[in-house]
Amino acid sequence: MADKKATLSVNGKTIELPVYSGTAGPDVIDVRGLVQEGLFTYDPGFVSTAACESQITYIDGSKGILLHRGYPIEQLAEKSDYLEVCYLLIYGELPTAAQAEKFRNTVKNHTMVHEQLNHFFNGFRRDAHPMAIMCGVVGALSAFYHDTMDFSDELHREIAAFRLIAKMPTLAAMCYKYSMGQPFMYPRNDLDYASNFLYMMFATPCENYQVNPVLARAMDRIFTLHADHEQNASTSTVRLAGSSGANPFACIASGIAALWGPAHGGANEAVLNMLMEIGDEERIPEFIERAKDKNDPFRLMGFGHRVYKNFDPRAKVMKKTCDEVLSELGCADDPLFRIAMKLEQIALEDPYFAEKKLYPNVDFYSGIILRAAGIPVSMFTVIFAMARTIGWFSHWHEMVSGPYRIGRPRQLYTGHTSREYPQK
Ligand code: CMC
């Protein structure tokens, strides 16, 4: 498959390296042979490193393109729904109507969690961060499905996917209910995926709860837009954990841990915290100046992206949904939303952000929608994790379906060389 070669001259020696072309995106230089030459490549943050071959998702950050199995995210958000996108990510093709129905029904058969899992929640403080609880309870799924799981078997992997897609909303809603001191609500399989999640979050056994269809549609969009995003930090974490042959539920828990940070999935929570800290439209210029100050660690949360150096295509769809939700719920006059909209406008007009190509990312708008839907800020990243679980699973599945090796990066060592233990 190498139709080109790169030549590297180092230490007076010339080394030829194969160059591969994908179906889209930059060519990659195969540096695997360098270890035989006593050389490593150095790329902290994996800025220029392709760690795997993949056929799931393609991003062109400079053009603002995101494709899942070739389909643009804007079209999927408009014409599809989250479960259909899950199917697409796992199997590589959109389902027929019959396949989609079978898939939805199978997912519904797995929405309940084992009753023993309820006891795990009692071990946590009521004020524990829900992402901490999610790391624990999703990891704990491996204790329920370990002996019965042979992930070299395609069918077992498929069942793991159904379990993950179906149980993540149940577990996420249980985190919220636990923090509120309210009883867990069992899933309602007569509802669609997003409505069932809202039901488990907000219904109580003592009152009738009607799901708002505009909110359910917005939730489904949030799930769809967060479903996968190529080899980001959490997906790479799942691949790395999976490369050792670890249980897939434990691997997903490692993805949840990686997602939690504010530079990654924690950004939607950080956006809301930042808006509350700004507190007043008049203070926006002060925060813009802080974001531009090299000596101030403050960054505008929800702005910028490692890959998108153009508008995040997910953010465009999310902004539209955000407008719909705010007008449906009549919150356009909420002071926090006004600050958000003003901040967006000022940052987009500021030359600093334009020069550095810092545009609002998906999390800038998703946090606003989630707040309007009455979801507490601490649950925002949990919702991201729920949605991204299918992306993590699909990458793990792709990896273990083919030949793979344990991930084992090298280092540029700059510590002490060998020295004698001092005499005592
Ligand atoms: N506010 C102010 N300046 C920024 C920001 C920001 N949000 N983001 C980047 N910059 C500046 C940064 O200071 C640097 O300036 P200089 O070239 O003068 O040193 C330049 O832009 C490039 O930044 P970087 O840190 O090299 O970019 P990166 O690709 O390593 O980081 C990022 C990407 C997303 C971590 C970063 O933009 C950021 O911290 N954004 C805020 C957090 C955020 O919203 N994260 C969610 C990402 S979308 C959800 C997801 O996919 O997980």
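The values are calculated or read from the model by the stated rules, or taken from the named source; none is laboratory data. Quantities reported herein were computed from a predicted structural model and do not represent experimental measurements. All Cβ positions, glycine included, derive from the backbone under ideal geometry; neighbour counts span all protein chains shown.
Table for the structure above
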item	result
Filter result for the condition that a residue is in a helix (DSSP H, G or I) and either over 17 Å from the mean Cα position of the chain (by Cα) or surrounded by fewer than 19 Cβ atoms within 10 Å (Cβ to Cβ) (or both), over Arg126, Arg104	Arg104
Some residue of the stretch 324-331 being touching a helix residue (DSSP H, G or I) at 6+ places or on another chain (Cβ under 7 Å), of a type in the set (Val, Ile, Thr), more than 16 Å from the ligand (Cβ to nearest atom) and assigned to a helix (DSSP H, G or I)	yes
Count of residues meeting criterion [among the β-branched types (Val, Ile, Thr), surrounded by 14 or more Cβ atoms within 10 Å (Cβ to Cβ) and more than 16 Å from the ligand (Cβ to nearest atom)] in the stretch 382-424	1
Residues (more than 11 Å from the ligand (Cβ to nearest atom), crowded, with 16+ Cβ neighbours inside 10 Å and over 24 Å from the mean Cα position of the chain (by Cα)) located in the stretch 261-311	Ile278, Ile284
Residue in the stretch 234-252 that is at pLDDT below 95, more than 14 Å from the ligand (Cβ to nearest atom) and under 26 Å from Leu198 (Cα atoms) present	no
Subset of the stretch 368-381 that is more than 14 Å from the ligand (Cβ to nearest atom) and within 16 Å of Ala128 (Cβ to Cβ) - its residue that is surrounded by the most Cβ atoms within 10 Å (Cβ to Cβ)	Met379
Pairs where the first residue, in the stretch 36-60, is closer than 19 Å to Glu16 by Cβ and the second is in a loop (DSSP other than H, G, I, E, B) and among the β-branched types (Val, Ile, Thr), C-beta under 9 Å, 6+ apart	Leu39/Val31; Phe40/Val31; Thr41/Val31; Thr41/Thr49
Contacts under 6 angstrom Cβ, first residue in the stretch 376-403 being among the charged types (D, E, K, R), partner within 16 Å of the ligand (Cβ to nearest atom), 6 or more apart	Arg388/His226
Residue among Arg338, Arg314 that is of a type in the set (Lys, Arg), under 14 Å from His226 (Cα atoms) and either within 16 Å of the ligand (Cβ to nearest atom) or surrounded by fewer than 18 Cβ atoms within 10 Å (Cβ to Cβ) (or both)	Arg314
Unique match (being surrounded by 18 or more Cβ atoms within 10 Å (Cβ to Cβ) and either at pLDDT 95 or above or among the basic types (Lys, Arg) (or both)) among Cys206, Cys175	Cys175
Output for the stretch 188-244, where each listed residue is part of a loop (DSSP other than H, G, I, E, B) and among the small types (Gly, Ala, Ser)	Ala203, Ala227, Ser243, Ser244
Subset tally (residues that are near the ligand (Cβ under 9 Å from one of its atoms) and over 17 Å from Ala267 (Cβ atoms)) for the stretch 343-354	1
Residue in the stretch 292-301 that is assigned to a helix (DSSP H, G or I) and in contact with a helix residue (DSSP H, G or I) (Cβ under 9 Å, 6 or more places away or on another chain) present	yes
Tyr365 vs. criteria near the ligand (Cβ under 10 Å from one of its atoms) and hydroxyl-bearing (Ser, Thr, Tyr)	no
Given (1) without any contact (Cβ under 8 Å) to a residue 60 or more places away in the chain; (2) crowded, with 19+ Cβ neighbours inside 10 Å, number of the condition Pro351 does not satisfy	(2)
Any hit, the stretch 338-350, residues being in contact with a Cys (Cβ under 8 Å, 6 or more places away or on another chain) and modelled with pLDDT of 90 or more	no
